[in-house]
């Protein structure tokens, strides 16, 4: 391209950890900077810097997304006890994704990236399945307590007017563990509307599942709010679009999804969505072949790679060993964000560029050139396995042909 595409408004760029951080820099260097005058407001969400800033950088990044409307995020480490030791952290910081989602609220939509030479492990699936994951509350905003001795645990609510209700959770006779979770009606309503709108956009059925037979108040509230909003605001729209909405128990949903041909939006509460999106991604081929976008009720968008930081490859990389790490989800996080920025700012060239980069990435794999993880899944004997960086150069070759 003779002149680079100019951006009017910055993207919020959130760098990450380990192997995905290496890939992040390479994607910009090889696939974006030569074509786009990249305009970003940069936040380092690497674990060391989160620790230095007492995680304030994560909060600042989320607030910046509110300001500019679109963010793109690299995979980050959510520390466990081993990571606290490894990185000598001040404390076990919470999931950056959880923090950002809590600030932005909204719904995470995850859809597999389909390539024609990798067939899903579930034989009947011939259409992508989108997981719509609620992005607020539940176990990601929980309060936990390790019980060390006998005693009574209670759920106590003190209202603004001073009324107090208390219920016994458990009379502990010895040690144990406690967890308190919450959600908000307003957030559940936003979640429901986001799911209904997304299903209408895709013209696909919407399924919602939870466990209201066991959780007769918590999960039942989700079910009731979805039904109420559907009946009042979406029923006729769904009928006109010839698609349907229905509720089913999460265990029933799992068995029906596995027997289906795919092609639906499956709405899940926060933790369910975390687990089910990994199941769907893996069954379609790979966690690295999944798009992920958080859509907030105010119209903020955060695109991310929906997998981990590829720790094992990173340690090999540090030893100077060659790695073959799949960068598709990270590429699609960038293309999703650039496309949305282009749409919002009326920059047609940016949207077209992002589209072509996606097509070039898919074409590379469909022409049997790929990273090691996919080579084991592809239905061909003639596969060219490339390393992490060469995969990006192969995409660039095809992108240049398209441009």
Exercise for the section: Quickly run through region 265-288 and pick out the residues that are touching a strand residue (DSSP E or B) at 6+ places or on another chain (Cβ under 6 Å), under 30 Å from residue 375 (Cβ atoms) and not in a helix (DSSP H, G or I). Expected result: 266
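I need a count of the residues in region 251-264 that are part of a helix (DSSP H, G or I) and surrounded by 19 or more Cβ atoms within 10 Å (Cβ to Cβ). Write out each step before concluding.
Residues of region 251-264 part of a helix (DSSP H, G or I): 251-259.
Checking the rest, the ones that are also surrounded by 19 or more Cβ atoms within 10 Å (Cβ to Cβ) come to 253, 257.
Residues flagged as part of a helix (DSSP H, G or I) and surrounded by 19 or more Cβ atoms within 10 Å (Cβ to Cβ) within region 251-264 amount to 2.
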Exercise for the section: Would you confirm whether any residue within region 124-136 is at pLDDT 95 or above, touching a helix residue (DSSP H, G or I) at 6+ places or on another chain (Cβ under 8 Å) and under 26 Å from residue 9 (Cα atoms)? Expected result: no
Problem - Close pairs from region 139-156: first modelled with pLDDT of 95 or more, partner loosely packed, with under 10 Cβ neighbours inside 10 Å and not in a strand (DSSP E or B), Cβ under 7 Å, at least 6 apart - result: 150/173; 150/174
Fill in the blank from the handout: The helices (runs of 4 or more DSSP H) lying entirely within region 306-398 that contain at least 2 residues which are closer than 30 Å to residue 80 by Cβ and out of contact with any helix residue (DSSP H, G or I) (no Cβ under 8 Å at 6 or more places or on another chain) are 311-318, 328-345, 372-375
Fill in the blank from the handout: Sole miss for residue 103 among (1) within 18 Å of the chain's Cα centre (by Cα); (2) modelled with pLDDT of 95 or more is condition (2)
Problem - Criterion violated by residue 278 - all others in (1) modelled with pLDDT of 95 or more; (2) assigned by TED's automatic domain parsing to the domain that holds residue 186 satisfied - result: (1)
Problem - Selection status of residue 63, more than 18 Å from residue 336 (Cα to Cα), at pLDDT 95 or above, under 21 Å from the mean Cα position of the chain (by Cα) and in the same structural domain as residue 307 (by TED's automatic domain parsing) - result: yes
Fill in the blank from the handout: Within region 160-172, the residues that are within 29 Å of residue 191 (Cα to Cα) and not in a strand (DSSP E or B) are 160
Exercise for the section: Counting only residues that are in contact with a strand residue (DSSP E or B) (Cβ under 6 Å, 6 or more places away or on another chain), give me the helices (runs of 4 or more DSSP H) lying completely in region 175-241 with at least 3 of them. Expected result: 185-202, 218-229
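Against the definition (modelled with pLDDT of 95 or more and either surrounded by 19 or more Cβ atoms within 10 Å (Cβ to Cβ) or in the same structural domain as residue 13 (by TED's automatic domain parsing) (or both)), how does residue 372 come out, yes or no? Full working, then the answer.
Values: modelled with pLDDT of 95 or more: no; either surrounded by 19 or more Cβ atoms within 10 Å (Cβ to Cβ) or in the same structural domain as residue 13 (by TED's automatic domain parsing) (or both): yes.
It is false that residue 372 is modelled with pLDDT of 95 or more and either surrounded by 19 or more Cβ atoms within 10 Å (Cβ to Cβ) or in the same structural domain as residue 13 (by TED's automatic domain parsing) (or both).
Collect the residues in region 1-24 that are under 20 Å from residue 306 (Cα atoms) and touching a strand residue (DSSP E or B) at 6+ places or on another chain (Cβ under 8 Å), keeping them in residue-number order.
Taking region 1-24 first, the residues under 20 Å from residue 306 (Cα atoms) are 11-24.
Across region 1-24, the qualifying residues are 11, 12, 13, 14, 15, 16, 20, 21, 24.
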Exercise for the section: Give the number of residues within region 189-207 that are over 18 Å from the mean Cα position of the chain (by Cα) and in contact (Cβ under 8 Å) with a residue 24 or more places away in the chain. Expected result: 10
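The values are calculated or read from the model by the stated rules, or taken from the named source; none is laboratory data. This is a predicted model, so every value here is computed, not measured. In this analysis, Cβ positions are derived from the backbone assuming ideal geometry, glycine residues included, and neighbour counts consider all displayed protein chains.
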